[in-house]
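In what follows, a single structure is set out as structure tokens and then discussed.
Values in this text are rule-based calculations from the coordinates and carry no lab data. Every value quoted in this text rests on a predicted model; they were computed, and no experiment measured them. All Cβ positions, glycine included, derive from the backbone under ideal geometry; neighbour counts span all protein chains shown.
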Amino acid sequence: MNDRKLAFLYSPEIEGLSYPPDCPFKTQRAGLTRQRLKSFGLLGTDGRIEVAPRKALLAELKKFHTARYLKELQRVAGGDLTVEGFHMGLGGLDTPVFKDMFECGAWACGAGLVAADLLLEGRADIAFNLLGGFHHAMAERAAGFCYLNDVVLACMKLADAGRRVLYLDVDAHHGDGVQAAFYQRKDVMTVSLHESGKTLFPWGGFENEIGEGPGRGYNVNVSLPPETYDEAFLMAFDSVAVPVLEFFQPEVIVLELGLDALAGDPLTHLRLTNNAVVEVLERLLRFNRPMLVAGGGGYHVENTVRGWALAWRTCCGENDECDFGMGMGGVMLASSEWAGGLRDRTLAVTLEQRRAVESELRATIENINHQIFFRLHGIHACPNPGMTTPG
Ligand SMILES: [Zn+2]
């Protein structure tokens, strides 16, 4: 228990909105997380408030997206897919055309902006916008289930208010839309840890993408090999993200907490457990900065909901697993991993997995050292010496 003020962005108004039933992206995850938190008594009490979002206005969306694209997106949502819309990425396999495509994004963006306001006004220390995390959306292009980019707009709002913003993305996919938005800026430092573009959409996000012009050295990518496990992920986090935080000294942190890096996700090849989520949050909380936590990917719905609930509980400072889960009136949660609480069991790591992942990751971190830290910023990120491959 601590006295941090937490805000959860949610409104029943958005419950009717969803992606097509056969699309793996499930908007219901935010509402399910809310239900879980309420059943634990972790939401709706003093200092853990719910805040109703609003839809972003067109003028707000135009801070990042082009007028042409916004017009096209609204037209396509009305059922009229033109060649121009298709060239903007609309109507692809992972950007389906559906009635709520504009509305879903507009609510997510509005929620992100309200969350940013709560942080700026000091009404919340940490704001969760699990409606958002649409990090692939570009200024004039939809991709990867993302049409409107809430995290870019929230970062822009915070930066425009004069805050030094650190955007940290731990979704399994590279945060390419956010990278593109701030590639030439140094007031928003972007850091993405994601499965390598050699094996996963959006097929980029390599270490040599370090920013341009004034933004050179302010974009950091860490490619994770398939099968990356908790310990390896945390080695990368401690070697790269922590030195960046220490160097950049952000005034506010925006965390994209897509949970498709968890083992069992049907779309990716990483093998994290939600114990790594707790570790990441605990490291971030030590910096004691206002933080916006956005949703994102996560295609195993139960694992994602449990991970997000665990993230909220960690921010509440309530870490005693025994108090939770068992008192749920015999409600079994639909996951084979569930062992009575929110935390995943730990997963065994094979020797081959350890060897393959660790050597590739060490090379990546060396490369980041060479490309960014040492040369541009005069700091050195060194892999945790405690981690060694046996044999
Ligand atoms: Zn993702």
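Note down the Stokes-Einstein diffusion coefficient of segment 1-141 in µm²/s, whole number, using a Kirkwood radius over alpha carbon pairs, 10 °C, and 1.306 mPa s.
Rounded, D is 98 µm²/s.
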- Tell me, rounded to the nearest percent, the portion of alpha carbon pairs in segment 145-266 spaced more than 20 Å apart. 38
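Longer than 24 Å from Cα to Cα, which of K71/K157; K5/K157; K55/K186; K71/K99; K55/K99 are they? Say none if no pair is.
From the list (K71/K157; K5/K157; K55/K186; K71/K99; K55/K99), the Cα-Cα distance tops 24 Å for K55/K186.
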- Query: Got a sec? Which residues in segment 124-168 would a label at R68 touch, if it sits 7 Å along Cα→Cβ and we count backbone N under 20 Å?
  - Reply: 137-143, 147-149
- Query: Taking 0.36 nm per intervening residue step and subtracting the Cα-Cα distance, what contour gain separates S11 from T350 on full extension?
  - Reply: 117.6 nm
- Message: Please state the shape class of the chain: rounded when a/c is under 1.5, otherwise prolate if a/b exceeds b/c and oblate if not, all from the C-alpha gyration tensor.
- Response: rounded
- Farthest toward the dipole's positive end in segment 1-143, which of A7, A115, L58, given Cβ charges of +1 (Lys, Arg) and -1 (Asp, Glu) about the Cα centre? A7
- Task: Bin width 5 Å, alpha-carbon pairs only: give the P(r) of segment 24-83 as whole percents, running from 0 to the bin holding the largest distance.
- Result: 4, 13, 14, 14, 15, 13, 11, 10, 5, 1, 0
- Sort the following peptides by mean Cβ neighbour count (other Cβ atoms within 10 Å, averaged over residues), highest first: 86-96, 310-320. 310-320, 86-96
- Query: How high is the relative contact order of segment 13-83, in percent, with contacts defined as C-alpha pairs under 8 Å that are six or more residues apart?
  - Reply: 12
- Message: Can you give me the C-alpha center-to-center distance between segment 40-82 and segment 238-282, rounded to a whole angstrom?
- Response: 25
- Task: Report the charge-dipole magnitude of the chain in Debye, nearest 20, computed about the Cα centre from +1 at each Lys and Arg Cβ and -1 at each Asp and Glu Cβ.
- Result: 660
